[in-house]
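What follows is a set of notes on a single structure, which appears directly below.
The values are calculated or read from the model by the stated rules, or taken from the named source; none is laboratory data. The structure presented is a predicted model; accordingly, all values stated were derived computationally and were not measured. Reconstructed Cβ throughout: ideal geometry from the backbone, glycine too, with neighbour counts over all protein chains shown. Keep in mind that these areas ignore ligands, DNA and RNA; they rest on the heavy atoms of the full protein, side chains included. Shrake-Rupley method; radii C 1.70, N 1.55, O 1.52, S 1.80 Å.
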Amino acid sequence: MYDLHTHTILSDGELLPTELVRRAAVLGYDTLAITDHADASNLASLVEAVSRVRDSAQCYGVNLLVGVELTHVPPSLIPVLAHDAKRRGADIVVVHGETVTEPVVPGTNRAACTCADVDVLAHPGFITVDDARAAAERGILLEVTSRAGHNRTNGHVVRVAREVRCSLTVDSDTHAPSDLMSKEARWAVALGAGLTEAESREILFRDVNQLLLK
Ligand SMILES: [Zn+2]
Ligand SMILES: [Zn+2]
């Protein structure tokens, strides 16, 4: 099991990175990405801070992916900050997509889907077929999310991703301890988004580390 989108007290989450990792380990997660909200003000310190808990994660048997979620960053700056994050040692760059519940600036999905340094477009809202195709060409994952509000467009995201054969990830966008999904909850989110049982199994239990080595 994996989760590629979570938050800690380093942004607006409730848990220290180490407690989040521990709770994920107990639920059976193999891989956890910590992807706190980032812009130009805090990107460097986030990558550095999360990197410091790699050893603790290893002690709990969790493969920690050091990441950031570029959040409300102007589209023209997304490639610059995504590249900077990778240069500083981030394993994964998530972009806070055009969810229907926040005034994310139009063009954010496009900028993310055309940037090779981006790995996941989170809660992409009413993403267009063209943007999803651009993501598929670059191996960027589109997110199906359990998070209330952001999850309203999961069905649309699945339909568009299927049309252009773009890979999906199922994430929690955890902010509080109760947001982490059990195995059963992950199944429910995948099936509830309209994925078949076979598609869900392939998405929920694949080796994401291979996918990120694009
Ligand atoms: Zn948040
Ligand atoms: Zn998030």
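In table form, for the structure just shown:
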quantity	calculated
Options Arg138, Arg147; residue that is more than 18 Å from Asp171 (Cβ to Cβ) and open to solvent by 30 Å² or more (accessible area, probe 1.4 Å)	Arg138
When residues of the range 32-45 are limited to those that are within 21 Å of Tyr2 (Cβ to Cβ) and open to solvent by less than 10 Å² (accessible area, probe 1.4 Å), the one nearest to ligand 1 (Cβ to nearest atom)	Asp36
Search result, residues across the range 52-76 that are within 19 Å of the chain's Cα centre (by Cα) and open to solvent by 40 Å² or more (accessible area, probe 1.4 Å)	Arg54, Asn63, His72, Pro74
Filtered residues of the range 64-100 (kept if on the phi < 0 side of the Ramachandran plot, within 12 Å of ligand 2 (Cβ to nearest atom) and either part of a loop (DSSP other than H, G, I, E, B) or among the acidic types (Asp, Glu) (or both))	Glu69, Thr71, Gly97, Thr99
Residue check for Ser167: closer than 21 Å to Leu212 by Cβ and either open to solvent by 10 Å² or more (accessible area, probe 1.4 Å) or in contact with a Gly (Cβ under 8 Å, 6 or more places away or on another chain) (or both)	yes
Members of the range 189-214 found to be open to solvent by 40 Å² or more (accessible area, probe 1.4 Å), closer than 28 Å to Thr18 by Cβ and hydrophobic (A, V, I, L, M, F, W, C), listed by number	Phe205, Leu211, Leu213
Filtered residues of the range 174-197 (kept if of a type in the set (D, E, K, R) and closer than 14 Å to Val144 by Cα)	Arg186
Answer residue from the range 101-110, given it is more than 16 Å from ligand 2 (Cβ to nearest atom) and in a loop (DSSP other than H, G, I, E, B) and is surrounded by the most Cβ atoms within 10 Å (Cβ to Cβ) among those	Gly107
Test for Ala24: is it part of a helix (DSSP H, G or I), more than 14 Å from ligand 1 (Cβ to nearest atom), more than 24 Å from Thr114 (Cα to Cα) and open to solvent by less than 10 Å² (accessible area, probe 1.4 Å)	yes
